[in-house]
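Below is one structure, written out as structure tokens; the observations come after it.
The values are calculated or read from the model by the stated rules, or taken from the named source; none is laboratory data. Note that the coordinates shown come from a computational prediction; the quantities given were computed from them, not determined experimentally. Counting neighbours? That spans all protein chains shown, and the Cβs are built from the backbone with ideal geometry, glycine included. For accessibility, only protein heavy atoms count, side chains too; no ligands or nucleic acids. Shrake-Rupley method; radii C 1.70, N 1.55, O 1.52, S 1.80 Å.
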Amino acid sequence: MSAIRIAVLISGSGSNMAAIADHLSERSDVEIGIVVSDRHDVAGLLRAEERGLPTTVVDWKSFPDRETFTAAVCDVVDASRCTFMVLAGFMRILAPTAVERFPGRILNIHPSLLPSFPGAHAVEEALAHGVRVTGVTIHVVDELVDNGPIVAQESVDVFPDDDAASLHARIQTVEHRLYPQVVADFVIGGSEQR
Ligand code: GRF
């Protein structure tokens, strides 16, 4: 049986994408078909190229609105024969049409225990609120931001002397262990149901 192909969408350093790629390189049932970024100056693109992964940029700035940008992203994913989308630090909100085209087949990772601290500043907000425990959430993407059904969560303790950098570094250690395994299990499970 041929491998299930996934698209990984990035906007940043791509460390989660790299962790997923490294995990999948040791198995034959799931593979990354394309790494997509929303800008050209995304550090993670280099990491993908170093691993021999195909990359493409769907430049956010060259689209008039979210709908046309989303359609272009979905077209790239389709053209790459990928059936799942994995958001790994992708900082653009996709239009609901993405969920219509890939229903239940888009995963996201978020650096807090959702539903606490949705949005782009989850680590800073957890510190500002003085929570003692935060964590990592992996969820299915629905029409709302950081909202869909939760697939996996793991807690991370907040230490009294933490700043955003130290806390995010510990959160990322968990992300890099958790996301590759959850992505693989989810994709295999989702494909069996189709
Ligand atoms: C991760 O912490 C993820 O939870 C958040 O963005 C960060 C992406 O990091 N959504 P990287 O680009 O994978 O290094």
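Key figures
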read-out	value
Every residue from the stretch 17-44 that is within 16 Å of TRP60 (Cα to Cα) and buried (at least 21 other Cβ atoms within 10 Å of the Cβ)	VAL35, VAL36, SER37, VAL42
Residues located in the stretch 73-96, provided they are surrounded by 16 or more Cβ atoms within 10 Å (Cβ to Cβ) and more than 16 Å from LEU107 (Cβ to Cβ)	VAL76, SER80, ALA95
Residue selected from the stretch 1-14 under the condition surrounded by fewer than 19 Cβ atoms within 10 Å (Cβ to Cβ) and in contact with a Lys or Arg (Cβ under 9 Å, 6 or more places away or on another chain), by the criterion farthest from ARG92 (Cα to Cα)	ALA3
Filtered residues of the stretch 109-128 (kept if in a loop (DSSP other than H, G, I, E, B) and crowded, with 18+ Cβ neighbours inside 10 Å)	PRO111, SER112, LEU113, LEU114, PHE117
Count of the stretch 131-181 residues which are assigned to a strand (DSSP E or B), more than 21 Å from PHE84 (Cβ to Cβ) and either open to solvent by 30 Å² or more (accessible area, probe 1.4 Å) or among the aliphatic types (A, V, I, L, M) (or both)	5
Within the stretch 28-108, strands (runs of 3 or more DSSP E) holding 3 or more residues that are within 16 Å of the ligand (Cβ to nearest atom) and out of contact with any Pro (no Cβ under 9 Å at 6 or more places or on another chain)	84-87
The stretch 138-156: number of residues that are within 14 Å of the ligand (Cβ to nearest atom), touching a helix residue (DSSP H, G or I) at 6+ places or on another chain (Cβ under 9 Å) and either without any contact (Cβ under 8 Å) to a residue 40 or more places away in the chain or farther than 24 Å from VAL30 by Cβ (or both)	4
Matching residues in the stretch 48-72 - criterion: being surrounded by 14 or more Cβ atoms within 10 Å (Cβ to Cβ) and without any contact (Cβ under 8 Å) to a residue 12 or more places away in the chain	PHE63
